[in-house]
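**Q** Shown below is the structure under consideration.
The values are calculated or read from the model by the stated rules, or taken from the named source; none is laboratory data. Since the model is a prediction, treat every value here as computed from it, not as a measurement. Please note: Cβ atoms are built from the backbone with ideal geometry, for glycine as well, and neighbour counts cover all protein chains shown. Note: accessible area is taken over every heavy atom of the protein model, side chains too, but ligands, DNA and RNA are not part of it. Shrake-Rupley method; radii C 1.70, N 1.55, O 1.52, S 1.80 Å.
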Amino acid sequence: MNIAIVDDDVHFSNMFNTLIQDYLPKIFSSYKVTIISDNFFSILSDSHFDIIFLDIDLNNLTGIGIASFLKNNKNNNPLIIFVSSKNELVFDALSVQPFQFIRKSNLLEDTALIFNLLNNYYKNNKSLITINFHGRKTSIKINNIIYLESEGHNTNIITLDNVFSYRCTMKKLLEEINSNAFIQIQKSITINFNFVEEIDKDNNIILRNGNIFSISRHFKHDVLIKYKDYLLSWLK
């Protein structure tokens, strides 16, 4: 997940970056934040971003103009979230259909709200992956994937009702899935925490479908910490 903060106020950008670091890991398993403080059109034209936090007033440029330019670029259609100290520009910003608007005067509250909306958006709209299976495009619901198993140059996707063999590395497939619910437990096995029945005293993972996998020593520490965080997230 590539994210840009576009603002000519570098001090604000650094502060805002620190703020959103508390929210990003709760939604995305991997991400990169880039701060852009000048050469706006050039950098945004040459790079792909999934989410852009965009100030409306940029060194005599208008963020609305930049957003319009990005909307017309078919190769890069990011979510635009305007960030501004000029609350009166909210209605002007609607002309380019942004995802939302953050007021700098209400930064903490608006940012919390925006990330709640982003969380819901990605759960509802990024819930499928599309693969080539037997020569045709096949969409798979991420929530239906029980575990992944690498086998040679392929990765097997085991779902509730099928097994799909996908010519793709485990690493690349996890980047496509982009979910904190998936954790690698062996070199060749990644499981979906949503299908874990329990982790027993011998550190075996027991899945609801009856499969049992041991956690390799290399992944043990990371798996146990992330599983604890996963369980705690359901209590919030």
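**Q** Using amide H atoms built in the peptide plane, which far-off residues or other-chain residues are under 5 Å from Asp57 H to H?
**A** Here Gly63 satisfy the definition.
**Q** Related question: What list of whole percents do you get for P(r) of region 124-165, with Cα-Cα distances grouped in 10 Å bins up to the one holding the largest distance?
**A** 27, 58, 14, 0
**Q** Still on this structure, I have one more. Would you compute, from DSSP H runs of 4+ residues alone, the mean residue ellipticity of the chain at 222 nm, taking -39500 (n - 2.57) per run and dividing by the full residue count, rounded to the nearest 500?
**A** It lands at -10000 deg cm²/dmol.
**Q** If you roll a 1.4 Å probe over the chain with all protein chains in place, what percent of the accessible area is carbon or sulfur?
**A** 48 percent
**Q** Which residue, Ile206, Ile142, Ile177, has the most motion in a Gaussian network model of the chain that connects Cα atoms within less than 10 Å?
**A** It is Ile206.
**Q** So how long is each side of the chain along the principal axes, counting just the alpha-carbon atoms, biggest first, in Å?
**A** Answer, in whole Å and largest first: 61, 42, 27 Å.
**Q** Could you point to the residue in Leu160, Ser29, Asn17 farthest towards the positive end of the chain's charge dipole, with +1 and -1 charges on the Cβ of Lys/Arg and Asp/Glu respectively?
**A** Going by the charge dipole, the pick is Leu160.
**Q** Put +1 on the Cβ of each Lys and Arg and -1 on the Cβ of each Asp and Glu in the chain; which of His218, Val96, Val6 then has its Cα farthest toward the positive end of the dipole?
**A** Projecting each Cα onto the dipole axis, the largest value belongs to His218.
**Q** Moving to a separate point now. List the lysines whose Cα sits under 21 Å from the Cα of Lys172, skipping any in the same chain fewer than 8 residues away.
**A** Within the straight-line cut-off, Lys172 pairs with Lys26, Lys32, Lys123, Lys126, Lys137, Lys141, Lys187, Lys226.
**Q** Hey, can you grab everything whose amide H is under 5 Å from the amide H of Ser179? Only 5+ residues off in sequence or another chain; H modelled, so Pro and N-termini drop out.
**A** Ser29
**Q** Would you mind working out the magnitude of the charge dipole of region 1-58 relative to its Cα centre, with +1 at each Lys and Arg C-beta and -1 at each Asp and Glu C-beta, to the nearest 20 Debye?
**A** 360 debye
**Q** Computed over the Cα atoms, what is the radius of gyration of region 96-236 divided by 2.2 N^0.38 Å, N being its residue count?
**A** 1.23
**Q** Could you do me a favour and compute the accessible area per residue for region 160-214, 1.4 Å probe, result in Å²?
**A** Value for region 160-214: 55 Å² per residue.
**Q** Along the charge dipole of the chain, Cβ charges K/R +1 and D/E -1, which of Tyr227, Leu70, Asn119 sits furthest on the positive end?
**A** Result: Tyr227, furthest along the dipole toward the positive end.
**Q** Please list the non-local residues whose amide H lies under 5 Å from the amide H of Ser214, H modeled 1.01 Å from N, same-chain partners needing a gap of 5 or more.
**A** Distant-sequence amide H within range of Ser214: Ile205.
**Q** To check you understand DSSP bridge types, tell me what percent of the beta bridges within the chain (both residues inside) are antiparallel, rounded to 5.
**A** For the chain, the DSSP antiparallel bridge percentage is about 60.
**Q** Next up: Using +1 on the beta carbon of Lys and Arg, -1 on that of Asp and Glu, and nothing else charged, what's the dipole of the chain about the Cα centre, debye to 20?
**A** Using only the charged Cβ atoms, the result is roughly 840 debye.
**Q** Per-residue HN-Hα couplings for region 144-158, Karplus 6.51 cos²θ - 1.76 cosθ + 1.60 at θ = phi - 60°, whole Hz, x for Gly and Pro?
**A** 8, 7, 7, 7, 10, 9, 7, 8, x, 8, 10, 10, 7, 10, 9
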